Amino acid sequence: MIEAFGERPLDAVLAWLSDAAPAITDLELASGGYPPTTHCDRTLLLRDAAARGRWRRGIEDRGFRIAALNAWGNPLDPDGELARRHDADLRETVLLAAELGVDRVLALAGCPGDVRPRFAAGGWLPYLEREHERQWQEVGAPYWTELAEFARREHPECMICIELHPGTLVYNLETFSELAAVGDNLAANVDPSHCFWTQMDPLAVVAELPRVGYAHLKDVLFDERNLSLNGVLDHRWPEAAPWRFAAVGRGHEASWWHAFLDALAARGVETAAIEHEDPLVPAEEGIVEAANVFAGAVENAA
């Protein structure tokens, strides 16, 4: 995933990766939703076959493969204009993936609400009781059933990989199981960092999920004092939070990450993306560290 370098031209990023992290050969490119689409101008690439060919050759001639397109956003947002835009971004990303022969499109399940999205995770206030069930039945299930049908019709080989992400309708085994039931082309994108801070076991989650199609690789570090006083749900993030995202290997040993890759492989996952969101470590440093951890896993397997 090269979203961390969204301010740089694609060619410059690829040149840096080739030199600094040669073990990385596959790319995940942001194509819509919230992130900048600096490296994947979806509208142009859909409209202009010649531009699409030049863009693709520029990637492949440097020895890279496009593994996935990511249109993470909130197609269920209560702001109708934003919801329509993110929905269009996701659908156009499926169409672009079909043109490119890319079989993984990444997304978030989204979260509806009245005025603002409302994440209902066991709320005890009366207006939150069974809110998740209402959100899923009235908004989530109809949307994702139709989206899965659209993707199947337009790109039969495509798997839509939904990240298990707190704050959205799909964030653990139980909620993903609801999603998986509405479309057999919907798979999980597992980011162990979200499991770490919410106290799930990523290895157990990967083993039990109905379908796993992809993974984002990032770590977590805990501030034990803040954790003991304010718990994992402290809203002050990242400055005073009891936890923060970290470069791979800074929170968990390389042996754990090797076991995670093995767990993914056992579920048929062929590609996982390093995701750098450590606020205290430059992306250039964190990505190289992560690549070295995973290069070691490949060497050990050989």
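The values are calculated or read from the model by the stated rules, or taken from the named source; none is laboratory data. Everything quoted here is computed from the prediction, not taken from an experiment. Here the Cβ positions follow ideal geometry from the backbone for every residue, glycine too, while neighbour counts run over all protein chains shown. Accessible surface is based on the protein model in full, side chains and every heavy atom, while ligands, DNA and RNA are left aside. Shrake-Rupley method; radii C 1.70, N 1.55, O 1.52, S 1.80 Å.
Once neighbouring chains are kept in place and the probe is 1.4 Å, which whole percent of the accessible area of the chain is contributed by carbon and sulfur?
Heavy-atom surface of the chain belonging to carbon and sulfur, 1.4 Å probe: 51 percent.
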- With bins of 5 Å, the percent of all Cα-Cα pairs of segment 66-158 per bin from 0 is 3, 14, 21, 21, 16, 11, 8, 4, 2, 0
- Note on the structure: Under a Gaussian network model of the chain whose springs join Cα atoms within less than 10 Å, the largest fluctuation of Gly58, Gly140, Gly33 belongs to Gly58
- Taking the chain as a Gaussian network, Cα atoms linked when under 10 Å apart, which of Arg57, Arg118, Arg244 shows the biggest mean-square fluctuation? Arg57
- Message: Between segment 217-268 and segment 180-209, how far is it from one alpha carbon centroid to the other, in angstrom?
- Response: 15
- Message: Just to be sure I understand the model, the point goes 7 Å from the Cα along the line to the Cβ. What's the resulting Ala23 to Arg54 distance in nm?
- Response: 3.6
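Magnitude of the Cβ-charge dipole of segment 168-243, K/R +1 and D/E -1, about the Cα centre, nearest 20 debye? If you can, show how the numbers build up before the last one.
On the way: 4 positive and 11 negative charges, 21 e Å.
With Lys and Arg at +1 and Asp and Glu at -1, about 100 debye.
Kindly provide the helix-only [θ] at 222 nm of the chain, computed as the sum of -39,500 (n - 2.57) over DSSP H runs of four or more divided by all residues, to the nearest 500 deg cm²/dmol?
Numbers: 12 runs with 129 residues, N = 302.
Result for the chain: -13000 deg cm²/dmol, rounded to the nearest 500.
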- Item | Average Cα contact separation per residue, the chain, under 8 Å, 6 or more apart, as relative contact order % | 14
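Provide the gained length on full extension for the span Arg153 to Trp237, in nm with one decimal, where the gain is 0.36 nm per separating residue minus the Cα-Cα distance. Spell out each step's value before the answer.
Numbers: separation 84, 0.36 × 84 = 30.24 nm, distance 4.06 nm.
Additional length available on full extension: 26.2 nm.
Just the C-alpha atoms of segment 153-302: what Rg/Rh do they give, with Rh taken as the Kirkwood radius? Numbers along the way, then the final one.
Numbers: Rg = 15.9 Å, Rh = 16.2 Å.
Expressed as Rg/Rh, it is 0.98.
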- For segment 4-101, averaging the sequence separation of alpha carbon pairs under 8 Å that lie six or more residues apart and dividing by its residue count, the contact order in percent is 31
- Query: With point charges of +1 on the Cβ of Lys and Arg and -1 on the Cβ of Asp and Glu, referenced to the Cα centre of the chain, which listed residue (Val170, Pro202, Pro142) lies farthest in the positive direction of the dipole?
  - Reply: Pro142
- Query: Placing +1 at every Lys and Arg Cβ and -1 at every Asp and Glu Cβ, with all other atoms neutral, what dipole size does the chain have around its Cα centre, in debye to the nearest 20?
  - Reply: 480
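Only bridges whose two residues both fall in the chain count here: according to DSSP, what percent of them are antiparallel, nearest 5?
20
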- Query: Can you tell me the accessible area per residue over the chain, all protein chains present, probe 1.4 angstrom, in square angstrom?
  - Reply: 46
- For the chain, what mean projected area does the convex hull of the alpha carbons give, in nm²? 15.7
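For segment 82-234, with only Lys/Arg (+1) and Asp/Glu (-1) charged at the beta-carbon, what is the dipole magnitude about the Cα centre, in debye rounded to 20? Kindly include the intermediate steps, with their values, before the conclusion.
Details: 13 positive and 25 negative charges, 49 e Å.
For segment 82-234, the charge dipole is close to 240 debye.
Semi-axes of the equivalent ellipsoid for segment 124-191, please: Cα gyration tensor eigenvalues, times 5, square-rooted, ordered largest first, whole Å. Kindly include the intermediate steps, with their values, before the conclusion.
Working: eigenvalues 117, 38, 12 Å².
So the equivalent ellipsoid measures 24, 14, 8 Å along its semi-axes.
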- Fluctuation leader among Ala107, Ala207, Ala272 - the chain, Gaussian network, Cα springs under 10 angstrom: Ala207
